Amino acid sequence: MSETAMPAITAAKPRRTLNRAVIRFAGDSGDGMQVTGEQFTTEAAWAGNDISTLPNFPAEIRAPAGTLFGVSSFQLQFGSQRVYTPGDQLDALVAMNPAALKVHLSDLKKGGILIVNTAAFDQRNLEKAGYPKDDKGEPKNPLNDPGLAEQYRLYQVDISGMTKKSLEDLPLNAKEKERCKNFFALGLVSWIYTRPLDPTLDAIKKRFAKNPTFVEANIRVLKAGHAFGETAEMFSEHYGIEAAEMPPGVYRSMTGNRALAWGLLAAAERTKIPIVFGAYPITPASSILEELALHKRWRVRTFQAEDEIAAVTAAVGASFGGAIGVTASSGPGIALKGEGIGLAVMAELPLVIFDIQRGGPSTGLPTKTEQADLMQAMYGRNSESPIVVIAPSTPGDCFYIAYEAVRIAVKYMVPVMVLSDGYLANGSEPWLIPDAKTLPDIPVAFRTERQGFAPYLRDPATLARPWVRPGTPGLEHRIGGIEKQDVTGNISYDPENHDHMVRTRAEKVRRVAQEIPPTVIHGSESGDVLVVGWGGTYGAITAAVEEAQIEGKAVASIHLRHLNPLPPDLGQILRQYRRILVPEINSGQLVRVLRAEYLVDAVGFNRVRGMPLASQEILEAINQLLEAKR
Amino acid sequence: MSTVTGTPGAAPKYTKKDFESDQDVRWCPGCGDYAILSAVQKTMPDLGIPREDIVFISGIGCSSRFPYYMNTYGFHTIHGRAPAIATGLKLARPELKVFVVTGDGDGLSIGGNHLLHVLRRNVDVTILLFNNRIYGLTKGQYSPTSELGKVTKSTPMGSADRPVSPCAFALAAGATFVARTVDRNIAHMEETLKRAAHHKGAAFVEILQNCNVYNDLAWNVLYDKESKILHECRLEDGKPITFGPADDRRGLVLEGLKPKVVKVSEVPESALWKHDAADRAAAMVLGQLWAPEYPIPLGTLLNQEGETTYEEIVVQQEQKAISDRGQGDVAKLLMAGETWKIG
């Protein structure tokens, strides 16, 4: 760390050590809250904390300023212990305007830190935020309500004014100066939680490399915010959070979508087979396309298709050509891709599909998270059309899941759907960088031998048919979406053959179970309640279960990575617990599968708000189930 | 069986027979598709490309059974999507020779969007659109090229929607090669297919094809001997656009953008519209012409040579990225940017 960056901490103010903190920056879409949150995340990461983040922004690109629906926020939890979620209730809230205060105040703990930018609490903004009017017909300023300061540790700071003042002598216009105010807030919060400013200073220098005035302005404002915390009479103490005990190694911050993209790069590098990635822009999946487009050096060919159907069918065409065909979308796009995925099922070609789930149905909540595409993934195509379904549990896990999807797809010649979600896609965590060499091998053998060749000849272990690259002499053959005779691949309308092929396609997917390692049980191997989760709820479930365990309850959890086929040991595990709880951000999809598959009396815990589940509410559901048992 | 691998020019001497597959052809007896299949098989040896480097991709419909009958690589896919599948294949394997076989319903109705985009991108594929102005495989509903007022099973009182002209569509989409031919003129069809197949970039051929079961003689204007003489207009590059009986030849002159039919004998040859297949604007006008007001142009409406293809640009960008910064290395990528060490 550079020596200049950290302003000296005066001994005047005491520093209290905390285990963890949950803070949220909230403001207008144009207030730079995402950048502020990401920067604070980096600072906390530098300090060695474990972290989980939750960016939350409106679907509108430039929502009207000051409105409730234009509020953008970034929440993170950082701590000296394992941090599984972005946190339920806030220890600190920064509200840059009245709308942000109105939207987010209810999430702040009683007694929590509340920092408001007083300059933004003018009549216009109060009106836009819809605060009730007084007798004179003027909107009431919530900051004048004595109850606010009674319930929270309210800090009224003229962030805009002080930002302007510290930039007085710089040749910037008023708008440009105003835009720096988020760094004042960041400087102040960095002081409150004693996180190092170094990474932010570096980032400012990099970001505005071409404009030294902007560098100067943002650094000044950042330091002004920091100094304000230190010197203003307002703050009587600040907090330290020790570095977390994390496995040793080199870390980086990782978001789910970037991890998916990089996992594909790792697979391309290992297989030495080009990837053709077809996609049509859709929230929250677009950033995978954008990320991959940066990495042509891995022979990843990105194709921004004319629509979702072209995106998936181009991927199928690429797989037919001997490349790894990949497509990505969110729920609405996956619905359009159904027939194309079915073609890959029928043609028995490898295909990887990323579904970054969002709130639905229809357009739904494009920027919010949900887990309601499990049924679509498993059954959302015509006829008997089984595919492999897997789900990552954390942003960093997306790297491994993408790699695993490719491995299974080419080994079994099947489509593999990866169910990520908006929360994993945009959320980030400190990620222990793996040694790429330790990733499992992905053997690919294209058939070139003519002797005994038939298009639907099957590998006895995997039931995979041979993958033949067009251009291979002597193996010219035709495949397609019409039912085929097994082995020869000739068109066949024979009833018994169709029945046989339906079973064969299902068995092929079922055999992927041989790839699944023993299920990891978080807790003891039998007990009162087993919590079964999948996907992005991993953090919330784990935090809740750990808390229940600390309270001495016989509760364990498992988190399913493989949803189709399910792990071979799952049935046995389910029978070791009295009750089974399945928390999901849907109306009960995995729970239905488990009940059908294993005839167990599993119950769901379901909230579909477009937001991650809170660990506290899962804990309550566990406790209720424990009580119901008695 | 071919024993030669990969490189074009190293293809063995093929005959038509080398391209016939072992599958029974299942079109209705008398279908125009038989003549097209034969013409395509006959064209193949002329390409000088090893058989294993040729791929036929189709969608759904009568025409789309085509790949099964070609002894090359083939993929019979889903309705309307063949252009997108071919695009993915060319992205993965730019060196392959890829044909797309489609029909008026497959290519212009359910797959209209993909046809538009494969053409505008100038993907190096040869697209054969069999236009019979009817849905055959679903047993006789009207198609997007059926004439207004067409009475079919789904339009008992006549269709209410106006037809699209496939060639005009392809030209407007930005195809770099557009031609029209007819299933009952074998020699012309072979010649046209040859030119299309040799074109680099998106080549589009409309083949007027007879469905003798559901829309017999839809192209009678070009089948009937007398009508054919009056309306068929063979385009020849560099020559005046003429048609009609030998003793009463007609030609076209342009009045502004509007073509006017004239008697060849009544104007000097220099006044006649001379066909220039490289002229896109002229091709756009040609694409609009139809009987009875105008002749029906057959042959190459547009042939824009030397245009860069989509996949060429993709590969160029990839090679530039590799030559600038080297092959990708995941181990380096993972460590690039902001990292920190613990323990």
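Readers should treat all values here as calculations from the given coordinates under stated rules, not as data from a laboratory. Because the structure is predicted, anything quoted here is derived from the model rather than measured. Note: ideal-geometry Cβ built from the backbone for every residue, glycine included; neighbour counts use all protein chains shown.
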**Prompt:** Check residue B:302: other-chain or 5+ apart residues with amide H under 5 Å from its amide H, H built from backbone geometry?
**Reply:** B:178
**Prompt:** Points 7 angstrom from Cα along the Cβ direction at residue A:502 and residue B:216: gap in nanometres?
**Reply:** 4.0
**Request:** Provide a whole-number value for the mean count of partner chain Cβ atoms within 10 Å of the Cβ atoms in peptide A:296-308.
**Result:** 6
**Prompt:** Using alpha carbon coordinates only, what is the Rg to Rh ratio of segment A:404-503, with Rh defined as the Kirkwood radius?
**Reply:** 1.11
**Request:** Within 10 Å, count the other beta carbons around each residue, average over each peptide in B:94-107, A:221-234, and list them highest first.
**Result:** B:94-107, A:221-234
**Message:** With the cut-off at 1.5 for a/c, could you classify segment A:364-403 from its C-alpha gyration tensor as rounded, prolate or oblate?
**Reply:** oblate
**Message:** Using Cα-Cα distances under 8 Å and only pairs 6 or more residues apart, what relative contact order does chain A have, in percent?
**Reply:** 12
**Prompt:** Which net charge results for the neighbourhood of residue A:538, defined as the other residues with beta-carbon distances under 13 angstrom from its beta-carbon, given Lys and Arg at +1 and Asp and Glu at -1?
**Reply:** -3
**Asked** Near residue A:110, which aspartates and glutamates are there with a Cα under 14 Å away, not counting those fewer than 8 places off in the same chain?
**Response** A:88, A:91, A:150
**Prompt:** Which FRET efficiency, nearest 0.05, do residue B:308 and residue A:383 yield, Cβ-Cβ r, R0 30 Å?
**Reply:** 0.10
**Item:** Net charge, residue A:440 excluded, C-beta distance under 10 Å - Lys, Arg +1, Asp, Glu -1
**Value:** -1
**Request:** Specify the angular offset, from 0 to 90 degrees and rounded to the nearest 10, of the alpha carbon long axis of helix A:212-231 from the longest principal axis of the alpha carbons in chain A.
**Result:** 60
**Complete:** As straight-line cross-link partners of residue B:200, the qualifying lysines (C-alpha separation under 25 Å, not fewer than 8 residues apart within one chain) are A:296, B:13, B:16, B:42, B:90, B:97, B:239, B:274, B:320
**Request:** Rank-order A:507-514, B:61-68, A:473-480 by packing density, defined as the average count of other C-beta atoms within 10 Å over each peptide's residues, highest first.
**Result:** B:61-68, A:473-480, A:507-514
**Prompt:** Within the P(r) computed for segment A:115-272, what percentage of the Cα pairs occupies the region above 28 Å?
**Reply:** 44
**Request:** Compute the separation of the alpha-carbon centres of segment A:377-417 and segment B:327-343 and state it in Å as a whole number.
**Result:** 27
**Item:** 0 to 90° range, to nearest 10: angle between helix B:186-198 axis and chain B longest Cα axis
**Value:** 30
**Prompt:** In Å, the Kirkwood hydrodynamic radius of segment A:527-629 over pairs of distinct alpha carbons?
**Reply:** 13.5
**Message:** If amide hydrogens are placed 1.01 Å from N in the peptide plane, which non-local residues have theirs closer than 5 Å to the one on residue A:301?
**Reply:** A:275, A:276, A:277
**Request:** Could you pull the Rg and Dmax for segment A:367-446, using just the Cα atoms, both in Å?
**Result:** 14.6, 42
**Fill in**
For segment B:305-343 the GluC sites (Glu not before Pro) that pass both the DSSP coil test and the at-most-16 other-Cβ-within-10 Å test are B:305, B:307, B:338
**Message:** For segment B:31-177, what are Rg and Dmax over the alpha carbons, in angstrom?
**Reply:** 15.5, 51
**Prompt:** Can you give the mean number of other chain Cβ atoms that lie within 10 Å of the Cβ atoms in peptide B:319-331?
**Reply:** 5
**Asked** Hey, got the Cα dimensions of segment A:500-543 along the principal axes, in Å, largest first?
**Response** 45, 23, 18
**Prompt:** Once the Cα gyration tensor of segment A:252-438 is found, what semi-axes does its equivalent ellipsoid get, as square roots of 5 times the eigenvalues, in whole Å, sorted largest first?
**Reply:** 21, 20, 15
**Request:** Consider just the alpha-carbon atoms of the protein assembly as shown and return their Rg together with their Dmax, both in angstrom.
**Result:** 33.3, 111
**Prompt:** Computed FRET efficiency, Cβ-Cβ of residue B:120 and residue B:34, R0 35 Å: what is it to the nearest 0.05?
**Reply:** 0.60
**Request:** In Å³ and rounded to a whole number, note down the convex hull volume per residue for the Cα atoms of segment A:15-241.
**Result:** 125
**Efficiency of FRET from Cβ geometry, residue A:526 and residue A:624, R₀ 25 Å, rounded to 0.05** = 0.75
**Asked** If you keep only loop residues by DSSP, which GluC sites (Glu not before Pro) in segment A:63-172 have at most 10 other Cβ atoms within 10 Å of their Cβ?
**Response** A:168
**Asked** Among A:94, A:438, A:52, whose Cα lies farthest out toward the positive end of the dipole of the protein assembly as shown, if unit charges sit on the beta carbon of Lys, Arg (+1) and Asp, Glu (-1)?
**Response** A:438
**Asked** By how many degrees, between 0 and 90 and to the nearest 10, does the Cα long axis of helix A:256-271 differ from the longest principal axis of chain A?
**Response** 40
**Request:** Would you calculate a helix-derived [θ] at 222 nm for the protein assembly as shown, using -39,500 (n - 2.57) for each DSSP H run of n ≥ 4 and dividing by the full residue count, to the nearest 500?
**Result:** -10000 deg cm²/dmol
**Prompt:** What nm value, rounded to one decimal, do you get for the distance between residue B:260 and residue A:82 when each label is placed 7 Å out toward the C-beta?
**Reply:** 8.8
**Message:** Taking beta carbons within 10 Å but only from partner chains, what does the mean come to for residues A:250-262?
**Reply:** 2
**Asked** Quick one: if you stick a label point 7 Å off each Cα along the C-beta vector at residue B:331 and residue B:154, how many nm between them?
**Response** 5.9
**Item:** Relative frequency of Cα-Cα separations exceeding 31 Å in chain B, percent
**Value:** 38
**Message:** Cross-link candidates for residue A:13: which lysines have Cα within less than 21 Å, leaving aside residues fewer than 8 places away along the same chain?
**Reply:** A:223
**Asked** For segment A:93-110, what does the Karplus curve 6.51 cos²θ - 1.76 cosθ + 1.60, with θ = phi - 60°, yield as ³J(HN,Hα) per residue in whole Hz, taken in order and with x for Gly and Pro?
**Response** 10, 9, 10, 7, 7, x, 4, 4, 5, 5, 5, 10, 4, 5, 8, 7, 4, 4
**Prompt:** For segment A:576-612 and segment A:15-78, what is the separation of their Cα centres, given in Å?
**Reply:** 31
**Message:** Applying a 10 Å radius around every beta-carbon, put A:453-461, A:101-109, A:420-428 in order of their mean neighbour count, most first.
**Reply:** A:420-428, A:101-109, A:453-461
**Message:** Can you give me the long-range amide H partners of residue A:240? Hydrogens built in the peptide plane at 1.01 Å from N, cutoff under 5 Å, separation of 5 or more residues or another chain.
**Reply:** A:16, A:17, A:18
